[in-house]
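For reference, the structure is listed below as structure tokens.
The values are calculated or read from the model by the stated rules, or taken from the named source; none is laboratory data. Note that the structure is predicted; figures quoted are calculated from it, not measured. Cβ sites come from the backbone with ideal geometry, for glycine too, and all protein chains shown count toward neighbours. Calculation scope for accessible area: heavy atoms of the full protein, side chains included, ligands and nucleic acids excluded. Shrake-Rupley method; radii C 1.70, N 1.55, O 1.52, S 1.80 Å.
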Amino acid sequence: MLEALTAALIEITSGQHLIYLLAGVAMGLAVGIFPGLGGIVGLSILLPFLYGMDPTSALSMLIGLVAVIPTSDTFTSVLMGIPGSSASQATVLDGFPLAKKGEGARALGAAFSASLFGGLIGAVILTFVIVVAHDVILLFTSAELFMLTILGLSMVGVLAGGNLAKGLLACGLGLMFGALGGAPATGEFRMTLGNAYLGDGLPLVVIGLAMFAVPEIIDLLRAGGSISRSQTLGQGWLRGLKDMWAYKWLCVRCAGIGCMIGALPGLGGSVVDWIAYGHVKQTSKDKSQFGKGDIRGVLAPESANNAKEGGGLIPTLLFGIPGSGSMAVFIGGMVLIGLEPGPSMVEGQLNLTYVIIWSLALANVVGAGACLFLSKYVAMLTTIRYTYLAPFMIMVICFAAFQAQRDLGDLITLFVVGLLGILLKRFGWPRPAFLIGFVLADQSETYLYQAVQFYDWDFLLRPGVLIIAAITLVSAWVGARKAPTGEIDAEAAVALKANNMRPQAWFATAVFAFFAWGLIDGLGHSFIGGIYPIGIGVTMLPIAGYLVYMTWSNKIAHSVNYDHEVEGDHLQGDDIPGLWHYILWLASFLISTVLIGFWLSIIGFFVIFLRVKSEASWIRIAAMTTGGVGFVTALAWIMVLDFPRGLLQDVFELPWPIG
């Protein structure tokens, strides 16, 4: 083993290895900053360049890219409220409010230093456990993995916000949305209404962007001004570094959680940041600032999502089983350069295994250092008038959403689910709870089916299952013991009657009807294919019925008027545009895309929006439109991507990028 360690150390310090590592880091920074792309797209772009390279140089590029994407995707999560990837969704909850307060540089400094710390912790853990992890990972069967998904769902109690019933129902909505499409066990199509696009289920990247990006864009446009209300950057990244050091043991714990979850095949990065966020909120005495700009809400998920990359290498290298989508492409890269992941990586190529592990640590250092250097300057985006930024943000999230299945249905889903996200935010329903339910829906159903197939219901008596169940019960109890019910007193009820609270009641009624539809649809399938949506419907309908009664009776309601955003106490005055004003702008862009295609529509949207809403000069409009559309066109060319077509392209044969 000592010989392998020495050989690995010599290799990673060679000039050639460092050059290729830096190239991978640079590409990872570029991909990570662009929201919605993530490791799968970045690795897919990199693979063609690996032909003919020697294995260690190719691996250094692969690792450099994989390591830095969970770091650089924090930029948009913090500054724009747009999740850079599925692994940075929880960072939005407190990172974006900090940016609104004028502390964007501080939030980025804390996030990048926590990412560096978490990545190093993951590499250290991986160094020592890689030779013994084989037997440990084999202990986790589908039964234990199912219980881990239940543990993830137990975080809903922590993230329920001001009303536990709404939190549970939001999670149930996510589960039901996740059940849409083909049943994992039988392939039966559920709740698709005969639509072919819905047959594959809804893409996670589209749901994440719709739930967080679309409502924030609408909110910021209505508020006017810039993202940062104070027009300052705060004390900058150095204060973020101090925050990380002040909560270093929190980062250690969350990095350990990230490494453990990352090592379990199938869970991956989509849930680890939520579990870390739930952990820090559960264990904190003062929870009042979470969701409003608590720096701990940035440190926890960022330290966890970088550490999970180290954990994800364990099943990838030892078994050839990808721990996430990006690791699946990483395996493809290894095969491409002549390496076969599996037990032989530890038994016969231990030195190469350590090259991979330590390259991961080195790439984290370089990537986090680069991001820390850039953070102070990138944070200046929060001081720019948002009507100038909005067209770019809308273009970016639409382009990112279209990567999911490269279908016009991606953009329609973005708009429809985005409208749901706006209403959830407006009425005080926790969007994180919805996202947790959606992320874990497919995994929980698949693992449950496998566990019953392999062990029958005796799987519930397995020691590992019982241990995780006990942890889950404790987690749920801690999260729910002080959860407010949202009930109001008689005086407040009288005040609410003076406002129009019926929209909230109608929304609760629509949710009840949706669960009823899911239950009825499930009854029309085989027992195995329908039991999951049936179970969700049976569980959620009584809670939804309770909420419907309470809202129509004015006994429970969110504390804000329907005419204002949940977090938009700054939205005051008669000159504030109504909610539907900007929804119609988005709808017009979508209709235009259906008619004339994405490329022409985005040009028209830039010109009209900047002229009408920003009152920009024609010279500035031309420059901004050329820059924005030119950038996304160049990116599409690199990715060999055709833009969404419209009816125009079906009638006329047009050249790329129009056709």
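Quick grid of which residues meet (1) at pLDDT 80 or above; (2) not basic (Lys, Arg):
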site	(1), (2)
Leu18	yes, yes
Leu21	yes, yes
Met27	no, yes
Ala30	no, yes
Tyr51	no, yes
Thr56	no, yes
Ile69	no, yes
Arg106	yes, no
Ala110	yes, yes
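Of everything in segment 181-194 that's closer than 19 Å to Ala516 by Cβ and of a type in the set (A, V, I, L, M), which residue is most open to solvent (accessible area, probe 1.4 Å)?
Leu193
Please go through segment 143-180 and pick out each residue that is among the β-branched types (Val, Ile, Thr) and either open to solvent by less than 10 Å² (accessible area, probe 1.4 Å) or at pLDDT below 70 (or both).
In the first step, residues of segment 143-180 are kept if they are among the β-branched types (Val, Ile, Thr); the result is 149-150, 156, 158.
Scanning segment 143-180 gives Thr149, Val156, Val158.
Output the qualifying pairs, or none if there are none: Cβ atoms under 7 angstrom, residues six or more apart or on different chains, first residue in segment 426-441 and at negative phi, second residue open to solvent by less than 10 Å² (accessible area, probe 1.4 Å) and acidic (Asp, Glu).
That search, which allows pairs on different chains as well, returns Arg426/Glu565.
Yes or no, residue by residue, for (1) within 30 Å of Thr383 (Cβ to Cβ); (2) surrounded by fewer than 23 Cβ atoms within 10 Å (Cβ to Cβ); (3) modelled with pLDDT under 75:
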{"position": "Gly224", "(1), (2), (3)": "yes, yes, yes"}
{"position": "Ser228", "(1), (2), (3)": "yes, no, yes"}
{"position": "Gly236", "(1), (2), (3)": "yes, yes, yes"}
{"position": "Asp243", "(1), (2), (3)": "yes, yes, no"}
{"position": "Cys251", "(1), (2), (3)": "yes, no, no"}
{"position": "Gly258", "(1), (2), (3)": "no, no, no"}
{"position": "Gly268", "(1), (2), (3)": "no, no, yes"}
{"position": "Lys285", "(1), (2), (3)": "no, yes, no"}
{"position": "Gly291", "(1), (2), (3)": "yes, yes, no"}
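I'm trying to understand the selection: among the residues of segment 376-396, which are under 20 Å from Ile608 (Cα atoms), in a helix (DSSP H, G or I), among the aliphatic types (A, V, I, L, M) and open to solvent by 10 Å² or more (accessible area, probe 1.4 Å)? Quick ask: steps written out before the conclusion?
Looking only at segment 376-396, we keep the residues that are under 20 Å from Ile608 (Cα atoms), and these are 384-396.
Now narrow it down to the ones that are in a helix (DSSP H, G or I): 386-396.
Next, only the ones that are among the aliphatic types (A, V, I, L, M) stay: 389-390, 393-396.
Selection gives Leu389, Met393, Val396.
Determine whether segment 417-438 contains at least one residue that is at pLDDT 80 or above, open to solvent by 40 Å² or more (accessible area, probe 1.4 Å) and either not in a helix (DSSP H, G or I) or not small (Gly, Ala, Ser) (or both).
Yes, segment 417-438 has at least one match.
Restrict the check to segment 81-91 and report whether at least one residue is at pLDDT 75 or above and in a helix (DSSP H, G or I).
Checked segment 81-91: at least one residue is at pLDDT 75 or above and in a helix (DSSP H, G or I).
Here is a check on your reading of the model: is Pro542 open to solvent by 30 Å² or more (accessible area, probe 1.4 Å), assigned to a helix (DSSP H, G or I), at pLDDT 85 or above and not charged (D, E, K, R)? I'd like the intermediate steps shown before the answer.
On the way: open to solvent by 30 Å² or more (accessible area, probe 1.4 Å): yes; assigned to a helix (DSSP H, G or I): yes; at pLDDT 85 or above: yes; not charged (D, E, K, R): yes.
So Pro542 fits the description; yes.
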